[in-house]
Each structure stands twice: as structure tokens, then as C-alpha cells.
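Here the structure is laid out as C-alpha cells; the discussion comes afterwards.
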Amino acid sequence: MGMLSKSPWVIHYDGSSCNGCDIEVLAALMPRFDVERFGVVNTGNPKHADILLLTGSINEQNKPVVLNIYEQMPNPKVVLAVGICATSGGIFRECYNVLGGADKVLPVDVYVPGCAVRPEAIIDAVVKGVGILEQKRAAMLAAQKA
Amino acid sequence: MSWITGLAFVFFAPFVGGLIAGFDRKITARLQGRIGPPILQPFYDVGKLLQKDNLVVRRSQHLYTEFFFVLTIFTGALFFAGGDLLLVIFSLAMAGVFFALGGYKASSPYSFIGAQREVLQMVSYEPAVLLAAVGMYMVTGSFKVSVIAAYPKPLVMLLPGIFFAFFFILPVKFRKSPFDLSTSHHAHQEIVKGITTEISGKTLALVEIAHWYEYVFVLGMGYLFFASNIWLGLVMTFVIFELLLVVDNSTARVRWQAMMASSWIVALVAGGLNILYLMLRH
């Protein structure tokens with residue numbers, strides 16, 4: 001295991017949702033689950049983040065925001081769509097301004113359905129994301145050599 | 001103390017400082033009822049940052065950060081080599097200025113506020129640090145760290161007020177609550193990340209390592225108050241650090257006005273009375 005997988009720093013962004021998943025995300029940081037055990041830090045700064053954790057569906061208003069956050073993150077980076085809204089639009093899917101899930105605007109690496117998502121599922125998703133982070137790092141190195 | 005200890009600082013301080021930082025995170029987690037990350041977590045973090053892309057806002061920003069890094073090492077090395085305490089304090093201020101300049105240079109509103117607060121923090125801790133140097137000079141008759149450390153009695157016996165003022169500004173240097181204004185490890189959402197907002201990847205790793213050097217240097221300065229006995233010194237340095245963590249976890253961040261007013265009042269009243277006592281002693 002490389003260093004990347006030992007210190008994933010997460011930035012959390014909520015699109016349009018009911019906030020249920022956000023509460024679960026924060027619950028994962030609480031004493032009961034304590035994701036800092038694995039080096040996960042919830043940072044507010046995209047330039048320090050490795051993992052973009054999206055909850056809620058994407059609409060016309062937050063599309064540029066999400067894109068902006070994504071573009072400010074240094075490579076290698078991973079996107080997690082957490083909750084059914086971020087995965088497919090969920091209950092908001094039919095709304096006139098909702099585009100759908102996070103994959104309408106960003107390349108999503110891990111999908112975590114659930115309403116609301118359990119903290120265990122979020123931790124599992126971060127662990128999966130970390131594996132993809134290592135793969136992306138290896139791909140980056142290979143591209144540099146070529 | 002000689003150039004050997006200075007050189008030892010340059011090579012070993014990052015390891016000690018990193019361990020201190022890891023210990024800090026572990027104890028903080030325990031105080032909050034969490035398990036906390038492994039002790040080696042800060043090393044993992046820096047290792048990861050070295051593997052990340054470096055996003056550049058302005059190239060000159062790196063130059064300032066590198067100067068901050070070099071001057072921080074210089075400060076500590078000079079201190080541990082037993083050099084002149086005034087020169088140490090001066091180069092510490094220079095390092096801080098370069099760090100703040102790096103924050104200003106990024107021309108992002110968040111790092112701009114962070115840089116302004118960094119300058120305010122420097123203005124807050126400078127009087128207490130200077131008074132510490134003055135007090136140590138009045139007791140030992142020298143600004144040389146090597147002479148001060150060789151003083152037969154614990155300096156804290158003669159400098160209790162100055163020691164209190166020094167302890168009061170420690171949270172500023174450690175970037176801890178209640179004075180973690182410019183950037184913080186805990187309050188992640190307030191001004192994004194303060195002065196380090198626009199610093200990423202390898203440059204951020206450099207800043208982290210510089211902070212480790214700073215940790216060791218500042219604790220070394222605390223050690224100086226108990227330097228007459230090496231074991232007393234080490235134990236008290238540990239106690240100071242533990243107290244700092246308790247303060248960090250039991251206080252909320254204050255406004256910069258409160259930070260400046262309180263640190264100046266404590267430095268001038270406690271430190272000033274202490275100096276008055278030293279002057280009247282003879």
C-alpha cells in the first residue's frame with residue numbers, strides 16, 4: 001500500500017438533497033465510526049483534497065460549482081457519488097431543474113446507493129475510492145514515463 | 001551545545017516533530033472519545049502530499065514558502081547550536097514574514113485573510129518571546145542559548161511571570177485553539193484553510209515539515225526554562241505540551257482582537273512585573 005491510501009483527505013459537497021446523507025457523512029467522523037482512524041480528514045479546501053464526496057442530485061445551479069470544485073483538486077483524485085440522489089437523481093429525478101446524478105457532469109468512480117446511506121457504506125466507499133486513487137497514481141506515473 | 005546539536009536538529013527534528021504531531025492527533029482524538037489515527041499519520045500525510053500534483057497559482061508563491069522552510073530550519077539550528085537568542089527570534093520573525101508573504105501572493109481572498117491573521121499572530125506572540133529573551137538575559141547575563149542552558153538553577157524559579165506569558169502564546173505558535181486564527185487543523189470550514197488555502201501538493205508538504213521543525217524549536221524554548229536538569233526539562237516540556245492539548249480541546253477560537261489584547265496584556269503585565277522584580281532584586 002502506498003501513502004495515498006493511508007491519508008485520503010475528503011472534500012464534501014452537497015448538491016440538492018434532503019441533507020440526510022450529509023448527516024450520515026458527518027456521523028462517520030463521530031466517535032462511533034471515527035474515520036480519522038484511517039487517516040481520513042474532512043477538509044474544506046479542494047486544493048488539499050483527494051476525494052470529492054458528492055451527496056444530492058445535480059441541478060442547473062450547482063453544476064458549475066461542482067465542476068469548479070472538481071477542477072481545483074490536484075491529481076490524482078477520485079469522485080464518490082454518495083446516496084441515491086447523487087447516484088441517479090433519486091427522488092428529485094423528475095424535477096424540472098434537476099439534471100440527474102453526479103455522473104451527468106463528472107466522471108464518478110464509486111456509486112453508493114442508499115436513502116440515507118449508512119456510515120458503514122460511506123466508509124466502504126472511501127476504502128474503494130482509495131484503491132482507485134492508487135490505480136490513478138500508477139496510471140499518472142506510466143503516462144509521465146511514456 | 002555546539003554546531004553538532006544544530007546539525008542534529010536539522011536532521012532529526014522532522015522525525016521528532018512528526019511524532020509530536022502524530023501524538024498530538026492521537027491525544028486530541030482520545031480527548032474527544034475517538035480512537036484516532038496512527039501515531040505515524042503525519043508522515044503518511046506528507047508522503048501522500050509529495051505524490052500529489054502541485055497546483056501553482058503564482059510561481060513566486062513557492063519561493064516565499066521555500067524561504068519560510070529554510071529560515072525555520074535556520075532558526076531552530078541556530079537555537080540548538082547555542083547561538084544568540086535575539087538572532088533566533090529575529091530569524092523566526094523573518095520566517096513568519098515569508099510565510100505571510102506567500103499567503104498574500106496567492107491573491108485568493110481566503111489565503112489573504114489567513115495571511116493577515118498570520119501577521120496579527122506574529123504581532124501577538126512577539127512581545128512575550130522578546131520578554132523571555134530579556135528576562136533570560138537579566139538572570140544569566142547572556143543572550144547565548146548555550147550560556148542560558150548552563151545556568152545552574154531552573155530559570156522558571158526566577159521567571160515565573162515570563163514563563164506564564166510564554167505559555168500563553170504557545171497556542172499561537174502551535175496553531176491551536178483558542179489562537180488558531182491563520183490556519184487550523186480542526187476548524188476546517190471557516191476561512192477554508194486560511195493561509196495554506198492556495199498551497200497544495202509538494203509545497204504543502206514543505207509547509208508541514210516546516211511546522212514540525214517549528215514544534216521542536218518552540219518546545220526547545222520551553223525546555224530552556226527548566227534546562228538546569230535535563231530530566232526535569234524533558235518532563236516539563238512534556239507537561240507543557242499536554243497542557244497545550246487540553247487547552248486546545250477545551251477552548252473555542254477567539255476573535256483576533258481578543259487574541260492580541262489578551263496576549264499583549266499577559267505579556268506586559270506578567271512579563272513586565274517579572275522584569276521589574278529582576279531589576280529590584282539586586
Under the rule rounded for a/c under 1.5, else prolate if a/b exceeds b/c, else oblate, using alpha carbon gyration tensor axes a ≥ b ≥ c, chain A is classed as oblate
Exposed-loop cut sites defined as GluC sites (Glu not before Pro) in DSSP loop states with at most 13 other Cβ within 10 angstrom; longest site-free run of chain A spans A:1-59
Here segment A:101-118 yields Karplus 3J(HN,Hα) values (6.51, -1.76, 1.60; θ = phi - 60°; whole Hz; Gly and Pro given as x) of x, 5, 6, 6, 10, 10, x, 8, 9, 10, 9, 10, x, x, 8, 7, 5, 7
Ordered by number, the chymotrypsin sites (Phe, Trp or Tyr not before Pro) in segment A:81-146 that occupy a DSSP loop and have at most 13 other Cβ atoms within 10 Å are A:96
In nm, the gap between the two label points placed 7 Å beyond Cα toward Cβ at residue A:61 and residue B:229 is 6.7
Restricting to Cα pairs under 8 Å and 6 or more apart, the percent relative contact order of segment A:4-146 works out to 27
Rounded to the nearest 10, the angle in degrees between the Cα long axis of helix B:3-31 and the longest principal axis of the Cα atoms of chain B comes to 70
Exposed trypsin sites (Lys or Arg not before Pro) being those in a DSSP loop with at most 16 other Cβ atoms within 10 Å, the longest stretch of chain B free of them is B:59-254
Sorting B:141, B:71, B:252 by the position of each Cα along the dipole of the protein assembly as shown (Lys, Arg +1; Asp, Glu -1; all at Cβ), the one nearest the positive end of that ordering is B:141
Any aspartates and glutamates whose Cα falls less than 19 Å from that of residue A:6, other than same-chain ones fewer than 8 residues away, would be A:34, A:36, A:50, A:109, A:120, A:124, A:134, B:24, B:45, B:53, B:208
Restricted to the protein assembly as shown, the DSSP antiparallel beta bridge percent, nearest 5, is 20
PRE zone check, label point 7 Å out along Cα-to-Cβ of residue A:37, amide N under 17 Å, scope segment B:17-38, hits B:26-38
Toy charge model, Lys and Arg Cβ at +1, Asp and Glu Cβ at -1: chain A dipole around Cα centroid in debye, rounded to 20, equals 420
Partner shielding of B:196-203, taken as the mean number of other chain Cβ atoms within 10 Å, equals 3
For segment B:15-159, the charge dipole (Cβ of Lys, Arg +1; Cβ of Asp, Glu -1; about the Cα centre) points to a positive end, and the Cα of B:123, B:62, B:38 closest to that extreme belongs to B:38
Inter-part gap, Cα centre of segment B:213-242 to Cα centre of segment B:68-106, in whole angstrom, is 19
The helix B:109-140 Cα axis meets the longest alpha-carbon principal axis of chain B at an angle in degrees, between 0 and 90 and rounded to 10, of 20
Stretched fully, the stretch from residue B:239 through residue B:60 gains (0.36 nm per residue minus C-alpha distance, one decimal, in nm) 60.4 nm
Set A:77/B:176; A:77/B:193; A:63/B:202; A:145/B:202; A:77/A:104, cut-off 24 Å on Cα-Cα distance; pairs above it are A:77/B:176; A:63/B:202
Cα extents of the protein assembly as shown along the principal axes, largest first, in whole Å, come to 85, 46, 37
Tilt, helix B:85-105 to longest principal axis of chain B (alpha-carbon atoms), in degrees rounded to tens, equals 20
Relative contact order in percent for chain B (Cα pairs under 8 Å, 6+ apart) equals 26
Inter-chain shielding metric for A:31-37, i.e. average beta-carbon neighbours from other chains within 10 angstrom, reads 5
Bridge orientation stat for segment A:40-146 from DSSP, antiparallel percent rounded to 5, came to 20
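Computed from the coordinates by the stated procedures, all read-outs in this text should not be read as laboratory data. From a predicted model like this one, the values you see are computed outputs, not experimental measurements. All Cβ positions, even for glycine, are placed from backbone atoms using ideal geometry, and neighbour counts span all protein chains on display.
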